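Comments concern the structure below.
The values are calculated or read from the model by the stated rules, or taken from the named source; none is laboratory data. From a predicted model like this one, the values you see are computed outputs, not experimental measurements. All Cβ positions, glycine included, derive from the backbone under ideal geometry; neighbour counts span all protein chains shown.
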Amino acid sequence: MPRPVSGAPDVSHARSGAPSTPVGSEPSLVLGIESSCDEMAAAVVESVAAQPARILASVVHGQASVHAPYGGVVPELASRDHLGAVSRVVQEALDRAGVGLDALSGVAATAGPGLMGSLLVGLSFAKALAYRAGVPWVAVHHLAGHLAAAELIDAKLVAPYLGLVVSGGHTALYRIEADAPHLLGETRDDAVGEAFDKVAKLLGLPFPGGPALSRCAEAGSETAVAFPRPLAGAPGYDFSYSGLKTAVLLEVERRRAGGPLGESDRADVAASFQAAATDVLIRRTRRAARDEGLSRVAVVGGVAANGRLRTELEAAAEQDGFALTLPPLELCTDNAAMIAAAGARRLARGEVSGLEFTAFSRMPLAGSSFDASAGPDA
Ligand code: KG4
Ligand code: ZN
């Protein structure tokens, strides 16, 4: 069943219901579709010139039960499930928003990066729907979408700011300027979310790994194992997670030599890994904000839902004096409200994608031609 995003913290930006029309301005209603990995999501946002977008409806259909038996996302199963879900997820988003196709000003969809088969389902549906409704469609870079989630909830978040994107596929720090995002550093190997997922699997925790590991860590001690903080002292802003993952593997093997892993072993390894993985993110972010002279920091992507990361970042923001934007949990993990918001911004600038524009599995955010202007507006 599609599930509506719940627990939205602020009705001003996340309510369901019919759109309102402020006097003297023309609101635009954009439908967003996200299907880059194992979530089929659709959302409708309303934006009014120079006003941040407002979420009218946001629906996410997850596939955890499809992939759980395999311990990871199976791409072919993901795209088949998307095909079965796309129509009703989009319909539910429109119904919840209380709008028909004829009310839409445009349709936005994630074009990449992501799983090709999964992307093509949402993208093709978006193009067909836009064609049928006689409105433009616009491609959105998935990471521009994640960053748009922060701007969606925080009107004060304007360029220049520091953007940390932490997800299952990406770990990168950007200096976000009004005209474009500039890459400061990124992971040299695994993404941090991927490391959470792999370590969770190693510990025998259920899929999806990140949230399960974070729950397991609650009962453990962060100082039980002194895992390395990779590249912590190195200049620049790159990250590395493969060495940390290997260190966890060796620790688990050492503990298994004495018998099967007990609950406390699991919790201690999980807590110590989580501390190492998030410490590196926090240190790099603090240093980049200081070096770049940026007083605003946004942290987005699935791993931004991690409780320890959020708490420690909040403490760092207070200590260092930067303003921190952390989207609510349901806007950290993949959703379509962020895609609709990023799409609405592109459309407001007159940027439209042709029907021949197709999905891409890889493309850096910074410097990509179609998304060079996908950073925040001035
Ligand atoms: O942004 P996202 O939903 O999808 C991608 O674009 O990859 O991020 C998914 C990643 C997964 O690796 C997942 O394990 C991780 O975010 N994640 C978490 C938490 N919630 C999701 N990692 C650590 N702690 C969490 N609470
Ligand atoms: Zn994502």
Practice problem: Give me the pairs, please: first residue somewhere in segment 253-265 and in contact (Cβ under 8 Å) with a residue 40 or more places away in the chain, second residue anywhere and assigned to a helix (DSSP H, G or I) and not hydrophobic (A, V, I, L, M, F, W, C), beta-carbon distance under 7 Å, and either six or more positions apart or on two chains. | Solution: Leu261/Arg255
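From the list Gly145, Gly210, which one is outside the structural domain of His67 (by TED's automatic domain parsing), small (Gly, Ala, Ser) and modelled with pLDDT of 95 or more?
Gly210
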Practice problem: Scan segment 87-118 for residues that are out of contact with any strand residue (DSSP E or B) (no Cβ under 6 Å at 6 or more places or on another chain) and either farther than 29 Å from Val48 by Cβ or not aliphatic (A, V, I, L, M) (or both) and report the count. | Solution: 14
Practice problem: Mind listing whichever residues of segment 305-336 are assigned to a helix (DSSP H, G or I), within 14 Å of ligand 2 (Cβ to nearest atom) and over 9 Å from the mean Cα position of the chain (by Cα)? | Solution: Ala305, Leu329, Glu330
Quiz item: Looking at Ser118, is it without any contact (Cβ under 8 Å) to a residue 40 or more places away in the chain and not assigned by TED's automatic domain parsing to the domain that holds Glu177?
Solution: no
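With respect to Thr311, determine if the residue is surrounded by fewer than 21 Cβ atoms within 10 Å (Cβ to Cβ) and β-branched (Val, Ile, Thr).
yes
Which one of these is in contact with a helix residue (DSSP H, G or I) (Cβ under 6 Å, 6 or more places away or on another chain) and in the same structural domain as Ser240 (by TED's automatic domain parsing): Gly293, Gly321, Gly301?
Numbers: Gly293 fails: in contact with a helix residue (DSSP H, G or I) (Cβ under 6 Å, 6 or more places away or on another chain); Gly321 fails: in contact with a helix residue (DSSP H, G or I) (Cβ under 6 Å, 6 or more places away or on another chain).
After applying the criteria, what remains is Gly301.
Yes/no per residue for (1) within 16 Å of ligand 2 (Cβ to nearest atom); (2) at pLDDT below 95; (3) not in a helix (DSSP H, G or I):
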{"site": "Ala267", "(1), (2), (3)": "no, no, no"}
{"site": "Ala271", "(1), (2), (3)": "no, no, no"}
{"site": "Gln274", "(1), (2), (3)": "no, no, no"}
{"site": "Ala277", "(1), (2), (3)": "no, no, no"}
{"site": "Thr285", "(1), (2), (3)": "no, no, no"}
{"site": "Arg290", "(1), (2), (3)": "no, no, no"}
{"site": "Val297", "(1), (2), (3)": "no, no, yes"}
{"site": "Val303", "(1), (2), (3)": "yes, no, no"}
Quiz prompt | Single unsatisfied condition, Ile153 versus (1) more than 10 Å from ligand 1 (Cβ to nearest atom); (2) surrounded by fewer than 21 Cβ atoms within 10 Å (Cβ to Cβ); (3) under 19 Å from the mean Cα position of the chain (by Cα) | solution = (2)
Exercise. Just name the residue that is surrounded by the fewest Cβ atoms within 10 Å (Cβ to Cβ) out of those in segment 170-202 that are modelled with pLDDT of 95 or more and small (Gly, Ala, Ser).
Key: Gly185
Self-check item: Among (1) buried (at least 24 other Cβ atoms within 10 Å of the Cβ); (2) within 16 Å of ligand 1 (Cβ to nearest atom) - the single one Val107 does not satisfy
Solution: (2)
Quiz item: If you scan segment 242-265, which residues turn out to be assigned to a helix (DSSP H, G or I) and either closer than 14 Å to Leu205 by Cβ or outside the structural domain of Ala217 (by TED's automatic domain parsing) (or both)?
Solution: Val248, Val252, Glu263, Asp265
Quiz item: Which pairs have Cβ atoms under 8 Å, sit 6 or more apart or on different chains, and link a residue in segment 29-56 that is part of a strand (DSSP E or B) to one that is among the aromatic types (Phe, Trp, Tyr)?
Solution: Ile33/Phe125
Quiz prompt | Number of positions in segment 191-213 that are under 14 Å from the mean Cα position of the chain (by Cα) and part of a loop (DSSP other than H, G, I, E, B) | solution = 1
Exercise. Please work out which one of (1) more than 22 Å from Met363 (Cβ to Cβ); (2) within 16 Å of ligand 1 (Cβ to nearest atom) is the condition Val45 fails and give its number.
Key: (2)
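Looking at this structure, is Glu318 farther than 30 Å from Ser105 by Cα, of a type in the set (Asp, Glu) and surrounded by fewer than 19 Cβ atoms within 10 Å (Cβ to Cβ)?
Values: farther than 30 Å from Ser105 by Cα: yes; of a type in the set (Asp, Glu): yes; surrounded by fewer than 19 Cβ atoms within 10 Å (Cβ to Cβ): yes.
Criteria met by Glu318.
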